[in-house]
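What follows is one structure encoded as structure tokens, with my remarks underneath.
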Amino acid sequence: MASEKKAFALRINIDTLKEVERWAESEFRSVNGQIEFLLQKALNESGRLKNKKKESK
């Protein structure tokens, strides 16, 4: 099952955006992909997003 995605506008500090662009490039991701990766990681680490692998056991 493919994950559903929703588009939205993001206002971001230009210096922050430049660093995210550099980081994304170094990890072979798009800026959008990098932001999504970072959000997922933060949600997982904070316990706010349940790990689907653990739920299926």
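Quick look at the values:
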read-out: Set Arg11, Arg48: member being among the charged types (D, E, K, R), modelled with pLDDT of 95 or more and surrounded by fewer than 11 Cβ atoms within 10 Å (Cβ to Cβ); value: Arg11
read-out: Residues (part of a helix (DSSP H, G or I) and either hydrophobic (A, V, I, L, M, F, W, C) or touching a Cys at 6+ places or on another chain (Cβ under 6 Å) (or both)) located in the stretch 22-37; value: Trp23, Ala24, Val31, Ile35, Phe37
read-out: Residue satisfying all of: in the stretch 1-21; outside any loop (DSSP other than H, G, I, E, B) and of a type in the set (A, V, I, L, M); farthest from the chain's Cα centre (by Cα) among these; value: Ile14
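The values are calculated or read from the model by the stated rules, or taken from the named source; none is laboratory data. Just so we're clear, the structure is a prediction, and the values are computed from it rather than from any experiment. So basically every Cβ, Gly included, is an ideal-geometry build from the backbone, and we count neighbours across all protein chains shown.
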